[in-house]
Amino acid sequence: MDDRFLPVLLLLLGVSGSWGQGEEPGGPPEVLSEESIGEEVPEEDGILVLNNQTLSLALQEHSALMVEFYAPWCGHCKALAPEYSKAAALLAAESAAVTLAKVDGPAEPELTKEFGVVGYPTLKFFQNGNRTNPEEYIGPKTAEGIAEWLRRRVGPSATRLEDEEGVQALMAKWDMVVIGFFQDLQEEDVATFLALARDALDMAFGFTDQPQLFEKFGLTKDTVVLFKKFDEGRADFPVDKEAGLDLGDLSRFLITHSMHLVTEFNSQTSPKIFAARILNHLLLFVNQTLAQHRELLTGFREAAPPFRGQVLFVMVDVAADNSHVLNYFGLKAEEAPTLRLINVETTKKYAPAGVIPITAASVAAFCQAVLHGEVKHYLLSQEIPPDWDQRPVKTLVSKNFEQVAFDETKNVFVKFYAPWCSHCKEMAPAWEALAEKYRDREDIVIAEMDATANELEAFSVHGYPTLKFFPAGPDRKIIEYKSTRDLETFSKFLDRGGDLPEEESKEPAVSAPEAQPNSTLGPKEEL
């Protein structure tokens, strides 16, 4: 079974990275201490407040237990708190057999160590008292998302449908409904279908073996059907009679057909856009406040169907809060309406030659030209500032990078940063001090480049800050710096010609690339 694309579906639907039916409880139940027996567990806003002692008690008393490990100082935890309490209320109102709890991580270091908590908030789901193998929740940090994820673990993940009335009732409640039509419910294909249903939170799932429903929906063999309240309304995935239902293939099918033909970019849709694993994104930049711009969406949408699964069509409203998208493509709002295409794997960007009308024909022709390699990609670059070399830290842009970084007579140390990156801001004083220290060295250049506004043909920058050293010489060598970001270690690195002792070259915990704004699953704060 090809499971390479399973994480994609999980990200698309904002769910846990674990798959299948979860771990079975292992080992005998834990024996509680005398102190724990009879101890009353405090509660806040419908959430149990646990510690090292009372967690054991809670695991014995509650067969399904979700535990949030939080820190009182953590901003992300504070933002989650009302959603978490609301999820508890939703489940309590339904009498769902699941309990929500929380643990103050810094106050309970033994528990954070035991459960491998490395950031806050971290949510773990325990079933049947199994303390050894909890399932980590990395789904949407919303009340309904948490509640739905838990419903599908303590209840059925899909509804058995016996008649058309049941089908219509399910369709009335959800925008997307996936129904498995199986002639034999004992087949392994049904188990595969139910495993997928357990984690696809944006869709409702049903299954049936009723002949009248096969006939009603025009089916003669086992088929998974996605019904949706938009675009073409229905998409069929026939089950291969010989190979059976392939989980990877079904995942890709749902990813492709759950996306609208045209998706408007915003904070709610961006996780799905970037998790869809459709590598080519065609963006139409328009001003939604202008009627003549809104009218262009008709032709844009008409061009989309032949490219489904190959090119994702996205509309970006320049009148909304999308300045970061405009900056990424080197555009100004007044340039709308215009098209851009990006391959998200290579990050190469493409633009039409000159100003073209936005029609179904022109949009399709531009797509085809890019896909056939007939359009050259472009690189973002700011203009070279007049005073780029006047400060101790030199300012690089795409247009002067090659000349400076690969100067055979210079050792050049470059910081690639993003203006919004907190790690970049934290290390800025050390970088300035480094430049000041070596300002009189003719053979050393300390520089920086805004990697969100400038791109290079030689390599791409994916995390911030990224530090690269370009030693003098003709061989264009590049050394990536991955050690502590302080003046002393920077200096050692430079004085040793781009080398550090092994014990000093390990990357510090804070140096993980910082997430882009609107990241898919939301950030955690590190311990």
(request) Test each condition in (1) at pLDDT below 95; (2) buried (at least 20 other Cβ atoms within 10 Å of the Cβ); (3) not basic (Lys, Arg) for LEU261 and report the one that comes out false. (result) (2)
(request) Might you let me know whether the range 352-362 holds any residue that is closer than 23 Å to PHE274 by Cα, open to solvent by less than 60 Å² (accessible area, probe 1.4 Å) and at pLDDT 95 or above? (result) no
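What number of residues within the range 328-347 satisfy the criterion of being within 18 Å of VAL316 (Cβ to Cβ) and outside any strand (DSSP E or B)? Steps first, answer last, please.
Step one: of the range 328-347, the residues within 18 Å of VAL316 (Cβ to Cβ) are 328-344, 347.
Okay, now just the ones that are also outside any strand (DSSP E or B), so 328-337, 344, 347.
Looking only at that region, the number is 12.
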(message) Tally up the residues in the range 216-232 that are open to solvent by less than 20 Å² (accessible area, probe 1.4 Å) and under 25 Å from the mean Cα position of the chain (by Cα), please.
(response) 2
(request) Identify all residues within the range 135-171 that are within 26 Å of VAL239 (Cα to Cα), open to solvent by less than 20 Å² (accessible area, probe 1.4 Å) and in a loop (DSSP other than H, G, I, E, B); write none if there are none. (result) ALA158, LEU161
(message) Among (1) more than 27 Å from PHE307 (Cβ to Cβ); (2) open to solvent by less than 40 Å² (accessible area, probe 1.4 Å); (3) among the aliphatic types (A, V, I, L, M); (4) without any contact (Cβ under 8 Å) to a residue 40 or more places away in the chain, there is one condition LEU194 misses while meeting the rest; what is its number?
(response) (2)
(request) Pull up the range 418-442, narrow it to residues that are out of contact with any Asp or Glu (no Cβ under 9 Å at 6 or more places or on another chain) and assigned to a loop (DSSP other than H, G, I, E, B), then point me to the one that is nearest to TYR481 (Cα to Cα). (result) TYR438
(request) Mind listing whichever residues of the range 68-95 are open to solvent by 10 Å² or more (accessible area, probe 1.4 Å), under 23 Å from GLY129 (Cβ atoms) and of a type in the set (A, V, I, L, M, F, W, C)? (result) ALA88, ALA92
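Only one of these is open to solvent by 50 Å² or more (accessible area, probe 1.4 Å), within 22 Å of the chain's Cα centre (by Cα) and of a type in the set (Asp, Glu): GLU334, GLU345. Name it. Talk me through it step by step, then tell me what you get.
Numbers: GLU334 fails: within 22 Å of the chain's Cα centre (by Cα).
The unique qualifying residue is GLU345.
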(message) I'm checking my understanding of the structure. Among residues of the range 365-397 that are assigned to a helix (DSSP H, G or I) and open to solvent by less than 30 Å² (accessible area, probe 1.4 Å), which one is nearest to GLY473 (Cα to Cα)?
(response) VAL370
(message) Condition check: in contact with a Gly (Cβ under 6 Å, 6 or more places away or on another chain) and among the polar types (S, T, N, Q). Does THR142 satisfy that?
(response) no
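Being of a type in the set (Phe, Trp, Tyr) and assigned to a helix (DSSP H, G or I) is the filter here, so list the residues in the range 256-313 that pass it.
Within the range 256-313, PHE274, PHE300, PHE307 qualify.
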(request) Inspect the range 411-420 for any residue being open to solvent by less than 30 Å² (accessible area, probe 1.4 Å), over 24 Å from LYS437 (Cβ atoms) and either among the acidic types (Asp, Glu) or modelled with pLDDT under 95 (or both) and give the result as yes or no. (result) yes
(request) Would you be able to tell me the number of residues in the range 484-513 that are modelled with pLDDT under 90 and hydroxyl-bearing (Ser, Thr, Tyr)? (result) 2
(message) Given the condition crowded, with 21+ Cβ neighbours inside 10 Å and closer than 27 Å to ASP202 by Cβ, answer yes or no: does some residue in the range 52-66 qualify?
(response) yes
(message) From the list VAL445, VAL461, exactly one residue is among the β-branched types (Val, Ile, Thr), part of a loop (DSSP other than H, G, I, E, B) and free of Cβ contacts under 8 Å to residues at least 60 places away in the same chain. Which is it?
(response) VAL461
(message) Given (1) open to solvent by 20 Å² or more (accessible area, probe 1.4 Å); (2) over 24 Å from THR142 (Cβ atoms); (3) modelled with pLDDT under 95, identify the lone condition not met by LEU247.
(response) (1)
(message) Can you tell me which residue is least open to solvent (accessible area, probe 1.4 Å) among those in the range 172-191 that are under 18 Å from MET203 (Cβ atoms) and in a loop (DSSP other than H, G, I, E, B)?
(response) PHE182
(message) Which condition from (1) open to solvent by less than 40 Å² (accessible area, probe 1.4 Å); (2) under 33 Å from the mean Cα position of the chain (by Cα); (3) more than 30 Å from ALA353 (Cα to Cα); (4) not charged (D, E, K, R) is the one that PRO429 breaks?
(response) (1)
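Scan the range 96-118 and give yes if some residue there is of a type in the set (Ser, Thr, Tyr), surrounded by 20 or more Cβ atoms within 10 Å (Cβ to Cβ) and in contact with a Cys (Cβ under 6 Å, 6 or more places away or on another chain), otherwise no. So that I can check it myself, show each step before the final result.
As a first pass, look at the range 96-118 and keep what is of a type in the set (Ser, Thr, Tyr): 99, 112.
Applying the additional criterion that residues be surrounded by 20 or more Cβ atoms within 10 Å (Cβ to Cβ) yields 99, 112.
Adding the requirement that they be in contact with a Cys (Cβ under 6 Å, 6 or more places away or on another chain) leaves none.
No - not one qualifying residue is present in the range 96-118.
Out of ALA79, ALA97, ALA93, ALA169, report the one residue that is touching a residue at least 40 places away in the same chain (Cβ under 8 Å), of a type in the set (Gly, Ala, Ser) and within 23 Å of MET203 (Cα to Cα). If you could, list the steps in order and put the result at the bottom.
Working: ALA79 fails: within 23 Å of MET203 (Cα to Cα); ALA93 fails: touching a residue at least 40 places away in the same chain (Cβ under 8 Å); ALA169 fails: touching a residue at least 40 places away in the same chain (Cβ under 8 Å).
Only one candidate qualifies: ALA97.
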(request) Looking only at the range 294-314, decide whether some residue is farther than 18 Å from ASN266 by Cα, among the hydrophobic types (A, V, I, L, M, F, W, C), open to solvent by 20 Å² or more (accessible area, probe 1.4 Å) and out of contact with any helix residue (DSSP H, G or I) (no Cβ under 9 Å at 6 or more places or on another chain). (result) yes
(message) Give all pairs with beta carbons closer than 6 Å in which a residue from the range 404-431 that is closer than 15 Å to ASP450 by Cα meets a residue that is modelled with pLDDT under 95 and among the small types (Gly, Ala, Ser); count only pairs at least 6 apart in sequence or on separate chains.
(response) PHE416/ALA451
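The values are calculated or read from the model by the stated rules, or taken from the named source; none is laboratory data. Note that this is a predicted model, so its numbers are computed, not measured. Cβ atoms come from the backbone with ideal geometry, glycine included; neighbour counts cover every protein chain shown. These accessible areas exclude ligands, DNA and RNA; they are computed on the full protein's heavy atoms, side chains included. Shrake-Rupley method; radii C 1.70, N 1.55, O 1.52, S 1.80 Å.
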